[in-house]
Amino acid sequence: MTGRHGMRRVHFLIALSVLSLDRLTKWVVATNISLHDGKQVIPGFFRITHVENRGAAFGLFADSPAPWKIAMLVLFSIAALVVVSALLWRSSHTLTTTGIGLSLILGGALGNLWDRVLNGRVIDFLLFHIGPYQWPAFNVADSAIVVGAGLLVFEIIFVKPPALEKSS
């Protein structure tokens, strides 16, 4: 797979892989763990739980009673998908950190949008905690979005752009 079209396929294959893994893991959790129940994986640190998030990432706005909340989250997700897809479509013909980051964000956004459109909520199941302190539960889609955003930030901060050619 060489050239611009080959890399586009790779980028969208990454996004499709994230979406597939997200759908599969949410299905496994929903069919094997009762809502609000869980299974300890690493005592005192990590458990797989089954919670449903009606808000944004990491439970933001979950307690908001606003009737327009779901519609706004769906519209925001669709706008983000359009922007990320356009950036991926225009990306260069090589596999870059930016392309991988955008692909991860695209797959994660699609995974959470799928849940939100069909069910009005997102299944979260990865729960890390130390003693009484815990990070909000999240899922594969959230993880892909965070890793993808991290790759974009890394690219912006640490990777130098190619030197501009001087015209004579």
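Just so you know, all these numbers are worked out from the coordinates, no wet-lab data involved. The shown structure was predicted, so the numbers you read here are calculated from the model rather than taken from an experiment. FYI the Cβ positions are ideal-geometry reconstructions off the backbone, even for glycines, and counts take in every protein chain you see.
A simple count of charges around S77, restricted to other residues whose Cβ falls under 11 Å of its Cβ and scoring Lys, Arg +1 and Asp, Glu -1, yields 0.
In this structure, S34 and L118 have a Cβ-Cβ separation that, at R0 = 25 Å, corresponds to a calculated FRET efficiency of about 0.80. Read phi for every residue in the range 74-87 and hand back ³J(HN,Hα) as whole Hz from Karplus 6.51 cos²θ - 1.76 cosθ + 1.60, θ = phi - 60°, with x for Gly and Pro. Working through the residues one at a time gives 5, 4, 4, 4, 5, 4, 5, 4, 5, 5, 5, 4, 5, 5 Hz. Once the Kirkwood radius over Cα pairs is known for the range 3-158, the Stokes-Einstein relation at 10 °C and 1.306 mPa s delivers a diffusion coefficient of 97 µm²/s.
Here the simple spin-label model places points 7 Å from the Cα toward Cβ, and for A80 and F12 these points are separated by 2.2 nm.
Once the other residues with Cβ under 13 Å from the Cβ of I48 are scored (Lys, Arg +1; Asp, Glu -1), what is the net sum? Charge balance near I48 sits at +1.
Near W135: Cβ cut-off under 14 Å, other residues only, Lys/Arg at +1 and Asp/Glu at -1. The net charge is -1.
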